[in-house]
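Undergrad: Please see the structure below; I have some questions.
The values are calculated or read from the model by the stated rules, or taken from the named source; none is laboratory data. The structure displayed is predicted, hence computed values, not measured ones. In this analysis, Cβ positions are derived from the backbone assuming ideal geometry, glycine residues included, and neighbour counts consider all displayed protein chains. Side chains are part of the model used for accessible areas, which takes the heavy atoms of the whole protein and leaves out ligands, DNA and RNA. Shrake-Rupley method; radii C 1.70, N 1.55, O 1.52, S 1.80 Å.
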Amino acid sequence: MIKGLIAPILTPFDNELKVNQIMYNDLAQNLMENGCSGLAPFGTTGEALSVGNKERMEAIEGLVKSGINPKTLIPGTGLCNLPDTIEITKHAIDLGCLGAMTLPPFYFKGMSDDGLYEYFEKLIDGVNDQRLKIYLYHIPQVSGVGLSIDLVQKLKSSYPDFIIGIKDSSGVWENTEALLKINGLVVYPGAELPVIEAIKLGAPGCISATANLNSKDISEVIDLCHAGEWEEAEELQKKVKSVRQLFQDYAPIPAQKSLLALQTKNTMWNNLRPPFIPISEHKTNELANKLKSDYGFIF
C-alpha cells in the first residue's frame with residue numbers, strides 16, 4: 001500500500017484540448033516533492049471519463065518516462081465495458097504501477113450485486129496476471145452505481161490477492177467505518193475530512209482532490225497521525241477542513257485548474273473538456289483572495 005497522501009492528479013489540456021504531457025509531468029513532480037506519497041491519475045478529478053484509453057496509456061507512460069516511480073501510481077481503469085477496462089489495467093500492470101483503481105460498470109443502473117461481482121470476476125480472469133492489484137472505487141453520487149459492503153466483502157474474500165483496497169468517496173463516514181472492518185482491505189477515504197478517524201481505525205492515509213493545491217498541509221496531518229501526535233494533527237486539521245469546505249462552495253475541478261493557472265502563470269490550466277466549463281475570472285479571484293487572506297496561500 002501507499003502510506004500517506006495520494007493526489008488524484010488534475011489532467012492538463014493544451015489549447016486544442018489534447019493532454020499536455022509536459023504540464024502533466026511538471027504537476028506530478030511538484031506534488032511528489034510537496035508531501036504526496038502517490039498519485040492516482042485519471043480519477044474523477046482528472047476528468048477520466050473525458051479521456052480516451054490511448055490518451056490515458058500514453059500519459060501514464062509519459063509520467064514514468066519523466067522519472068515518476070510507477071510504484072507510486074494507481075491509475076483509474078474503470079470503464080463500462082470489460083475489453084477496454086482489461087486493456088488499460090494490463091497496461092498499468094506492465095508499466096509496473098502499484099495497482100489499478102477500478103469503478104464498477106456504471107452506465108446500467110440498479111444492477112444486482114451478483115452482476116457487479118461477475119464484472120470484477122471477468123476482469124480478474126481477463127487480465128490473467130498474478131501482479132494484478134485492484135483498488136475498488138466507490139463514488140455512487142457521481143457514478144450512480146455503488147459498491148455495497150457485502151459486495152466488497154465477497155470480492156475481498158474470493159480474491160484476497162487481487163482485491164487489495166478501496167477508495168471510498170461516498171462521503172458517508174459510516175460506510176468508510178464499515179469498510180475499515182473488512183479484514184485485510186486497504187481503505188482510503190476519498191477526502192481529507194475524516195482522515196484522522198480513518199487512520200485511528202487502520203487507514204494508511206487518504207486520496208484527496210484538494211491535494212492538487214494543498215498537499216503540504218494534508219500530508220502533514222497524516223504524518224502527525226502516524227507519528228502518534230494526535231493533538232497537533234487535530235489542530236492542523238481545522239485549517240485543512242476549512243480549505244476543503246471552501247473548495248466545495250465552488251465547482252471543484254474548474255476551480256482548482258483556475259488556481260493552478262494563477263500559480264503557474266499558465267492559462268492552459270483553465271482548459272477543460274466539455275461538459276466542464278471554466279469558472280469566471282470573478283469567481284477565481286474571489287476564491288484566490290479567500291485562500292490568500294485566510295489560509296496563507298500564495299498566487
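Undergrad: Give me, ordered by chain and number, the residues 5 or more places off residue 102 or on other chains with an amide H under 5 Å from its own placed amide H.
TA: Under 5 Å from the amide H of residue 102: 77, 135, 136, 137.
Undergrad: Under 5 Å between amide hydrogens, which residues at least 5 positions from residue 205 or on another chain qualify, with H placed 1.01 Å from N in the peptide plane?
TA: Residues meeting the amide H criterion: 4.
Undergrad: Could you check what % of the DSSP bridge pairs in the chain are antiparallel, to the nearest 5?
TA: 5 percent
Undergrad: Build a GNM of the chain with springs between Cα atoms under 10 Å: which of 136, 224, 98 gets the top mean-square fluctuation?
TA: 224
Undergrad: While we're looking at this one, here's another question. If all Cα-Cα distances of the range 92-173 are sorted into 5 Å bins from 0 onward, what percent lands in each bin, rounded to whole numbers?
TA: 3, 14, 27, 26, 18, 9, 3
Undergrad: For the range 10-90, run through the trypsin sites (Lys or Arg not before Pro) and keep only the ones in DSSP coil with at most 16 other Cβ atoms within 10 Å of their Cβ.
TA: Values: sites: 18, 54, 56, 65, 71, 90; in loops: 18.
Taking the range 10-90 and a limit of 16 other Cβ atoms within 10 Å, the loop trypsin sites (Lys or Arg not before Pro) found are 18.
Undergrad: In whole Hz, what ³J(HN,Hα) sequence does the range 26-36 give by Karplus (6.51, -1.76, 1.60; θ = phi - 60°), x for Gly and Pro?
TA: 5, 5, 4, 4, 4, 5, 5, 8, 10, x, 6
Undergrad: Using the structure shown, list the pairs from 167/238; 54/181; 257/292; 122/156; 216/283; 109/167 with a Cα-Cα distance above 26 Å, or answer none.
TA: Distance filter (> 26 Å) returns 54/181.
Undergrad: Here's a follow-up. Would you look at the GNM of the chain, springs on alpha carbons closer than 10 Å, and say which of 275, 189, 160 moves the most?
TA: Of 275, 189, 160, the most mobile in the Gaussian network model is 275.
Undergrad: I'd like the trypsin sites (Lys or Arg not before Pro) in the range 167-240 restricted to DSSP loop residues with at most 16 other Cβ atoms within 10 Å, sorted by number.
TA: 181
Undergrad: So, taking all protein chains as they sit and a 1.4 Å probe, how much accessible area belongs to residue 127, in Å² rounded to tens?
TA: Approximately 10 Å² of residue 127 is accessible to the 1.4 Å probe.
Undergrad: Mind checking the alpha-carbon convex hull of the range 105-259 and giving the volume per residue in Å³?
TA: 133 Å³
Undergrad: For the range 202-215, in order, what is each residue's ³J(HN,Hα) by Karplus, 6.51 cos²θ - 1.76 cosθ + 1.60 with θ = phi - 60°, in whole Hz (x at glycine and Pro)?
TA: Residue by residue, the range 202-215 yields x, 5, x, x, 8, 10, 10, 4, 6, 4, 4, 10, 10, 5 Hz.
Undergrad: Please list, ordered by chain and number, the residues whose modelled amide H lies under 5 Å from the amide H of residue 297; skip anything fewer than 5 residues away on the same chain.
TA: Those qualifying (amide H under 5 Å, at least 5 residues apart or on another chain) are 292.
Undergrad: So, one more: Give me the mean projected area, in nm² to one decimal, of the convex hull enclosing the Cα positions of the range 1-46.
TA: 3.3 nm²
Undergrad: I'd like the Kirkwood hydrodynamic radius of the chain, using the inverse of the mean 1/r over distinct C-alpha pairs, in Å.
TA: 19.3 Å
Undergrad: Can you pull the Kirkwood radius for the range 224-287, inverse mean 1/r over Cα pairs, to one decimal in Å?
TA: 13.4 Å
Undergrad: If the elastic network links every pair of Cα atoms under 10 Å, which of 289, 69, 214 fluctuates the most in the Gaussian network model of the chain?
TA: Looking only at 289, 69, 214, the largest GNM fluctuation is found for 289.
Undergrad: Ignoring ligands, DNA and RNA, what percent of the accessible area of the range 114-257 is carbon or sulfur (1.4 Å)?
TA: 46 percent
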